[in-house]
Amino acid sequence: MNKTNTISQPMFSNSQLVALAVPIVIDALLAIAAGLVDSAMVSSAGEAAVSGISLVDSLNLMFILLFNAVTTGGVVVTSQYIGSRNIERAKCSANQLLYGSTAMATFLMLVLIFFIPQTITLVYGALEADVFESAKIYFFWTLIGYPFFAIGSSCTALLRAQAKSSLALWITGGVNILNVIGNAILIYGLDMGVAGAAISTTFARLVWAVAGLIILHNKELTVHFENLLKFKLDFDILKRVMTIGGANGLENGLFQAGKLLVASLVASFGTIAIAANSVANTLCNIGWTTVGSFGTVLLTVVGQCMGAKETEQAKMYTKKIVNFCIILVFVLFGSVFLFRNQLVQIFDFGEEALRESARITGIGALLTIASVYSWSFIPVAAYRAAGDTKYAVILAVSSMFTFRVGLSYLLGHFFNMGLVGVWIGMWGDWTCRTIFNVIRYRSGKWLEKKVI
């Protein structure tokens, strides 16, 4: 293992870490704000519309994470080449990343678009007619945006890999604002309901893709696209990307499959439960996404440290960022718990649905704090950046199906605890990950892997 006894000159100063992290966090918050506004707008169309969109969003996320896994692999390889100062290979890996993620997204779109009703029914079973109709409409229009999402996501990730997170923020921030404006026009102005929300999202992703391609062709960037249309595959880099991306894709795919099994359980509780679970997830996602954005920071920081063979720095930065996130979790989820009754009021639901939403949101916030959530997920980004992909897959799959799925069905269905049982199952999943991630971090085995 390449390991020094002392930490050499720091690769990232505190000010550089802040400059890298702040735009990523702001970007996450903007995405959350846009999502909340979207949900509030769509809620005017009724609980069935919100429920349909919520179910499809979970389904979309499973497929999006499959081609986003290629993005993660590409970012790790690119970051390590940047750290080793091999810029030519870094630029080549950027091209391979775009090819791989776009090809996978296009393939999934073409396959799924012909089996929309069957896919929804296979995953969720029999739904109420109005929920099913909303889900079909939303799924169709969002499927069209898959390739655009892959391109935009790849471009944004490459900017962050070279510590250009401020530039990435300008793109994604503008796209989120555009999505909100589009929703306002299509939902309120043209009364298009669910279809309006989906079309606006897809158009925003198209703009994201175009803007990303234009910016990543700027030769002033350290890593930029070159000769994309010549479509030259580099199988050595592709193998490195897919080794990481494939494992990450398997992990994400199985993780989302588990979440869909839980969503199917929630769907059996009825429309009120679906709506309340959607609201609780949306509000808690304020914290989850904000904290999770620091994993994106670690992909760049640890990737460059490992490329430069500065393993002690990789370990030091991981601990520093994760411990900061512990404080952040207390602040964010404490606030969600305290203001849960006020937060749910942004949704245009009936009194019963709002009351249940506030109850589940409060439970979710407390369980997140109790699990020491930042150690549940953030270190895994560092392990991936170091090439430790097998561990991440084993932990994610075993914890997911033992607790999030198994315990949720045991408590939620067999012991009739409903949504509370489902959220306790999620807490079990988070806590299990926390325990094993701490053990992995302290062992140092994740620092022994090799990517380039």
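The values are calculated or read from the model by the stated rules, or taken from the named source; none is laboratory data. Because the structure is predicted, anything quoted here is derived from the model rather than measured. With ideal geometry, Cβ positions are generated from the backbone for all residues, glycine too; neighbour counts draw on all protein chains shown.
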Inset, instruction - Could you list, in sequence order, all residues of segment 285-339 that are touching a Leu at 6+ places or on another chain (Cβ under 7 Å) and of a type in the set (D, E, K, R)? - result: Lys315
Legend entry - Scan of segment 372-408 for residues that are more than 28 Å from Ala161 (Cβ to Cβ) and surrounded by fewer than 18 Cβ atoms within 10 Å (Cβ to Cβ), ordered by number: Ser398, Phe401, Thr402, Gly406
Legend entry - Qualifying residue in segment 313-321 (condition: over 30 Å from Ile87 (Cβ atoms) and either surrounded by fewer than 21 Cβ atoms within 10 Å (Cβ to Cβ) or touching a residue at least 12 places away in the same chain (Cβ under 8 Å) (or both)): no
Inset, instruction - Among the candidates Phe132, Phe67, Phe107, single out the residue that is part of a helix (DSSP H, G or I), among the aromatic types (Phe, Trp, Tyr), under 24 Å from the mean Cα position of the chain (by Cα) and surrounded by 16 or more Cβ atoms within 10 Å (Cβ to Cβ). - result: Phe67
Inset, instruction - Six or more apart or on different chains, Cβ under 9 Å: which pairs go from a residue in segment 73-99 that's under 20 Å from Ala381 (Cβ atoms) to one that's outside any helix (DSSP H, G or I) and of a type in the set (S, T, N, Q)? Could you list them? - result: Thr78/Gln162; Ser79/Gln162; Gln80/Asn86; Ile82/Gln162; Ile82/Thr222; Ala90/Ser84; Ala90/Gln162; Ala90/Thr222
Inset, instruction - Output the qualifying pairs, or none if there are none: Cβ atoms under 6 angstrom, residues six or more apart or on different chains, first residue in segment 416-443 and among the polar types (S, T, N, Q), second residue assigned to a helix (DSSP H, G or I). - result: Thr434/Trp375; Thr434/Ser376; Asn437/Trp375; Asn437/Pro379
Inset, instruction - Answer yes if at least one residue in segment 329-342 is outside any loop (DSSP other than H, G, I, E, B), surrounded by 18 or more Cβ atoms within 10 Å (Cβ to Cβ), β-branched (Val, Ile, Thr) and touching a helix residue (DSSP H, G or I) at 6+ places or on another chain (Cβ under 7 Å), and no otherwise. - result: yes
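Somewhere in segment 232-246, is a residue in contact with a Leu (Cβ under 7 Å, 6 or more places away or on another chain), part of a helix (DSSP H, G or I) and surrounded by fewer than 23 Cβ atoms within 10 Å (Cβ to Cβ)?
Checking segment 232-246: not a single residue is in contact with a Leu (Cβ under 7 Å, 6 or more places away or on another chain), part of a helix (DSSP H, G or I) and surrounded by fewer than 23 Cβ atoms within 10 Å (Cβ to Cβ).
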Inset, instruction - Could you list all residues from segment 300-312 that are surrounded by fewer than 22 Cβ atoms within 10 Å (Cβ to Cβ) and of a type in the set (A, V, I, L, M, F, W, C)? - result: Ala308
Inset, instruction - Determine, yes or no, whether Phe269 is of a type in the set (Phe, Trp, Tyr) and within 27 Å of Val131 (Cα to Cα). - result: yes
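Could we say that Phe333 is closer than 25 Å to Thr318 by Cβ, aromatic (Phe, Trp, Tyr) and in contact with a Ser or Thr (Cβ under 8 Å, 6 or more places away or on another chain) here?
yes
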Legend entry - Subset of segment 172-193 (residues that are part of a helix (DSSP H, G or I), at pLDDT below 80 and surrounded by 17 or more Cβ atoms within 10 Å (Cβ to Cβ)): Asn183, Ile187, Gly193
Inset, instruction - Tell me, please, whether a residue that is crowded, with 19+ Cβ neighbours inside 10 Å and in a helix (DSSP H, G or I) can be found in segment 214-228. - result: yes
Inset, instruction - Would you be able to say whether some residue in segment 323-339 is modelled with pLDDT of 90 or more and more than 26 Å from Ala21 (Cα to Cα)? - result: yes
Inset, instruction - Determine, yes or no, whether Ile369 is of a type in the set (A, V, I, L, M, F, W, C), surrounded by fewer than 20 Cβ atoms within 10 Å (Cβ to Cβ) and assigned to a helix (DSSP H, G or I). - result: yes
